[in-house]
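The values are calculated or read from the model by the stated rules, or taken from the named source; none is laboratory data. Keep in mind that this is a model prediction, so the values were computed, not measured. Here Cβ is always computed from backbone atoms with ideal geometry, including for glycine, and neighbour counts include all displayed protein chains.
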Amino acid sequence: MQFSIEIKAPRERIWNTLWEDKTFRDWANFIDEGMYMIGEIKEGNEVQFISPTGYGVTSLIEKLVQNELVSFRHMADTKDSGGREKEWTGGTESYSLAEKNGVIALTVDIDVPPGQEETFKDRFPKALERVKLLAEKKG
């Protein structure tokens, strides 16, 4: 699935809104209430996206171009706030920023687990609206 939104803010501000802990928790709350991320956004690193129940996913950062693109490969289910439950060659999820006529388009490409398409269609646009609000408000 693909989701996109246009944001009138500098690329760096949008990037920081996406990945700084406080703002990440704010917008990701629309996808999974209380979700947070453990790890540093750096190519080759593993990060974990964890829900308040302790369940989540461990992902490898396959590609990173600062303020432009990050691509995750979901590697394992996570439980107990960090332990790997089962390995899987899961999907990918990427966030890209591209400038067009002075406006930044944030595009998210995500492999959605079977049966969760409707949930993502409902929640992801709300999360991106929140990213837009936070990034534009910081100005």
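I'm checking my understanding of the structure. Among residues of the range 79-99 that are at pLDDT 90 or above and surrounded by 13 or more Cβ atoms within 10 Å (Cβ to Cβ), which one is nearest to Glu12 (Cα to Cα)?
Of all residues in the range 79-99, those at pLDDT 90 or above come to 92-99.
Subsequent filtering for residues that are surrounded by 13 or more Cβ atoms within 10 Å (Cβ to Cβ) retains 92-98.
On the way: Thr92: 23, Glu93: 20, Ser94: 17, Tyr95: 13, Ser96: 12, Leu97: 10, Ala98: 12 Å.
It comes out as Leu97.
Go through (1) more than 20 Å from Ala127 (Cα to Cα); (2) modelled with pLDDT of 95 or more; (3) in contact with a strand residue (DSSP E or B) (Cβ under 8 Å, 6 or more places away or on another chain); (4) of a type in the set (A, V, I, L, M, F, W, C) for Ala76 and report which single condition fails.
Only one criterion in (1) more than 20 Å from Ala127 (Cα to Cα); (2) modelled with pLDDT of 95 or more; (3) in contact with a strand residue (DSSP E or B) (Cβ under 8 Å, 6 or more places away or on another chain); (4) of a type in the set (A, V, I, L, M, F, W, C) is unmet by Ala76, namely (2).
State the number of residues belonging to the range 37-61 that are among the acidic types (Asp, Glu) and modelled with pLDDT under 90.
Looking only at the range 37-61, we keep the residues that are among the acidic types (Asp, Glu), and these are 40, 43, 46.
Going one step further and asking which of them are modelled with pLDDT under 90, we end up with none.
Of the residues in that region, 0 qualify.
Regarding the range 70-86, can at least one residue be identified that is closer than 16 Å to Glu129 by Cα and without any contact (Cβ under 8 Å) to a residue 40 or more places away in the chain? Spell out the reasoning first.
Initially, the range 70-86 is screened for residues closer than 16 Å to Glu129 by Cα, giving none.
There is no residue in the range 70-86 that is closer than 16 Å to Glu129 by Cα and without any contact (Cβ under 8 Å) to a residue 40 or more places away in the chain.
Mind listing whichever residues of the range 100-120 are within 22 Å of Gly56 (Cα to Cα) and modelled with pLDDT of 95 or more? Spell out the reasoning first.
Going through the range 100-120, the residues within 22 Å of Gly56 (Cα to Cα) turn out to be 108-120.
Within the range 100-120, Val108, Asp109 meet the criteria.
If Trp19 satisfies every condition in (1) among the hydrophobic types (A, V, I, L, M, F, W, C); (2) surrounded by 16 or more Cβ atoms within 10 Å (Cβ to Cβ); (3) closer than 22 Å to Glu6 by Cα but one, which is the exception?
Among (1) among the hydrophobic types (A, V, I, L, M, F, W, C); (2) surrounded by 16 or more Cβ atoms within 10 Å (Cβ to Cβ); (3) closer than 22 Å to Glu6 by Cα, the lone unmet condition for Trp19 is (2).
Mind checking which residues of the range 37-73 are small (Gly, Ala, Ser), surrounded by 13 or more Cβ atoms within 10 Å (Cβ to Cβ) and over 22 Å from Ile104 (Cβ atoms)?
Let us first name the residues in the range 37-73 that are small (Gly, Ala, Ser), namely 39, 44, 51, 54, 56, 59, 71.
Now restrict to residues that are surrounded by 13 or more Cβ atoms within 10 Å (Cβ to Cβ): 39, 51, 56, 59, 71.
Answer for the range 37-73, where residues must be small (Gly, Ala, Ser), surrounded by 13 or more Cβ atoms within 10 Å (Cβ to Cβ) and over 22 Å from Ile104 (Cβ atoms): Gly39, Ser51, Gly56, Ser59.
What are the pairs with Cβ atoms under 8 angstrom where one residue, in the range 105-117, is closer than 20 Å to Trp27 by Cβ and touching a residue at least 24 places away in the same chain (Cβ under 8 Å) and the other, located anywhere, is among the basic types (Lys, Arg) and surrounded by 15 or more Cβ atoms within 10 Å (Cβ to Cβ)? Sequence gap at least six, or different chains.
Hits for this filter: Leu106/Lys132.
Mind listing whichever residues of the range 15-49 are among the hydrophobic types (A, V, I, L, M, F, W, C) and over 12 Å from the mean Cα position of the chain (by Cα)? Before you say what the answer is, go through the steps one by one.
At the first step, the residues of the range 15-49 found to be among the hydrophobic types (A, V, I, L, M, F, W, C) are 15, 18-19, 24, 27-28, 30-31, 35, 37-38, 41, 47, 49.
The one that is among the hydrophobic types (A, V, I, L, M, F, W, C) and over 12 Å from the mean Cα position of the chain (by Cα): Ile38.
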